[in-house]
Amino acid sequence: MRKPIIAGNWKMFKTAAETEEFLTAFKPLVAEAKGEVLLCPPFTSLETAVKVCRGTNIQVGAQNMHWEKEGAFTGEIAPGMLTALGVTHCIIGHSERRQYFGETDETVNKKVQAAFNYSLLPIVCVGETLEEREKGISKEVCRRQVEQGLAGLESALAAKLVIAYEPVWAIGTGKTASPADAQEVIGYIRQVLGEMFGPETAGQIRIQYGGSVKPDNIKELMAQPDIDGALVGGASLKPESFAAIVNFD
Ligand code: PGA
């Protein structure tokens, strides 16, 4: 049985003080959550978030990292810096990073390997653009992103990672993939994972859906057999709406 994992991706929103305010309201609302709860605030809020979440069921992740241990990479954050803060997860290859910051399947692969080397669990984002969807190549795009992003990974590590299927056209647009469409691509991603790592490992890997997830569509999405959680942007910024998603059942 895969344990559901609901993650909030705050993108470039909230100061450290705003993070503390959010968490003070949010903590009691999700104290009884059945699945895992993860919050990924900006780098500048990570220390505060880890401190406020200590002793609770809320885990803290980063939204990005570099793959090198250290070095002359102005503006970047190394994986060991995140581990040292008490951060446990890191989102890798979000479509906004691919689109605006030149991330490729190759850099995603380096980051995934580096994350495991520093005891961070990666949440690897994949998903097609609207143009790719209209061309009917959603599955091919996801296959390439999964195969190249996870190339060379041992099965024992692969079993621990989380994949987020986020169709780019559904992010921040209010357009959600229908639960059946999301299931179709996510089921296919699990098939690709089976080819790479074997069916047993593929059955352990949790796959989230992301893209305009809201309190009123989470239940239907989570009812799909291969959907094990959600990566939530906009609706994770308010304690009540994110808690309603976390407590979907
Ligand atoms: P959204 O963002 O929920 O605001 O669509 C999801 C994401 O980008 O992870």
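Take K175 and decide whether it is farther than 19 Å from G149 by Cα, in a loop (DSSP other than H, G, I, E, B) and not acidic (D, E). Here the answer is yes, as K175 does meet what is asked.
Residues in the stretch 177-195 include none that are buried (at least 19 other Cβ atoms within 10 Å of the Cβ), more than 18 Å from I227 (Cβ to Cβ) and either away from the ligand (no atom under 15 Å from the Cβ) or hydroxyl-bearing (S, T, Y) (or both). What are the residues in the stretch 97-124 that are hydrophobic (A, V, I, L, M, F, W, C) and touching a helix residue (DSSP H, G or I) at 6+ places or on another chain (Cβ under 8 Å), if any? Selection gives V108, V112, A114, A115, F116, L120, L121, V124. Filtering the stretch 104-140 to residues that are of a type in the set (A, V, I, L, M, F, W, C) and outside any helix (DSSP H, G or I) leaves L120, L121, I123, V124, C125, V126, I137.
Just need a number here: residues in the stretch 68-101 that are of a type in the set (F, W, Y) and within 16 Å of the ligand (Cβ to nearest atom). Please lay out each step first, then the result.
Keep residues of the stretch 68-101 that are of a type in the set (F, W, Y), which gives 73, 100-101.
After this cut, where a residue has to be within 16 Å of the ligand (Cβ to nearest atom) as well, the list is 100-101.
Residues meeting the conditions: 2.
Output the residue which, of all residues in the stretch 195-207 that are outside any loop (DSSP other than H, G, I, E, B) and farther than 17 Å from V141 by Cα, is nearest to the chain's Cα centre (by Cα). Only one residue tops the list, namely R206.
Being out of contact with any Lys or Arg (no Cβ under 6 Å at 6 or more places or on another chain), outside any helix (DSSP H, G or I) and touching a residue at least 40 places away in the same chain (Cβ under 8 Å) is a description that does not apply to D216. The number of residues in the stretch 148-172 being assigned to a helix (DSSP H, G or I), over 16 Å from E132 (Cβ atoms) and open to solvent by 20 Å² or more (accessible area, probe 1.4 Å) comes to 3.
The residue that is nearest to D249 (Cα to Cα), counting only those in the stretch 208-229 that are within 8 Å of the ligand (Cβ to nearest atom) and buried (at least 23 other Cβ atoms within 10 Å of the Cβ), is V213.
A Cβ distance below 9 Å, combined with a sequence gap of six or more or placement on separate chains, defines the contacts here; from the stretch 224-249, residues that are more than 21 Å from H94 (Cα to Cα) reach residues that are assigned to a loop (DSSP other than H, G, I, E, B) and within 15 Å of the ligand (Cβ to nearest atom) in the pairs E240/P215; S241/K214; S241/P215; A243/P215; A244/K214; A244/P215; A244/D216; F248/P215.
On the stretch given as the stretch 122-142, residues that are crowded, with 19+ Cβ neighbours inside 10 Å and touching a residue at least 24 places away in the same chain (Cβ under 8 Å) total 10.
The values are calculated or read from the model by the stated rules, or taken from the named source; none is laboratory data. Note that the structure is a prediction, hence the values are computed from the model and not measured. We place every Cβ from the backbone using ideal geometry, glycine too, and count neighbours over all the protein chains shown. What goes into the accessible areas is simple: the full protein's heavy atoms, side chains included, and nothing from ligands, DNA or RNA. Shrake-Rupley method; radii C 1.70, N 1.55, O 1.52, S 1.80 Å.
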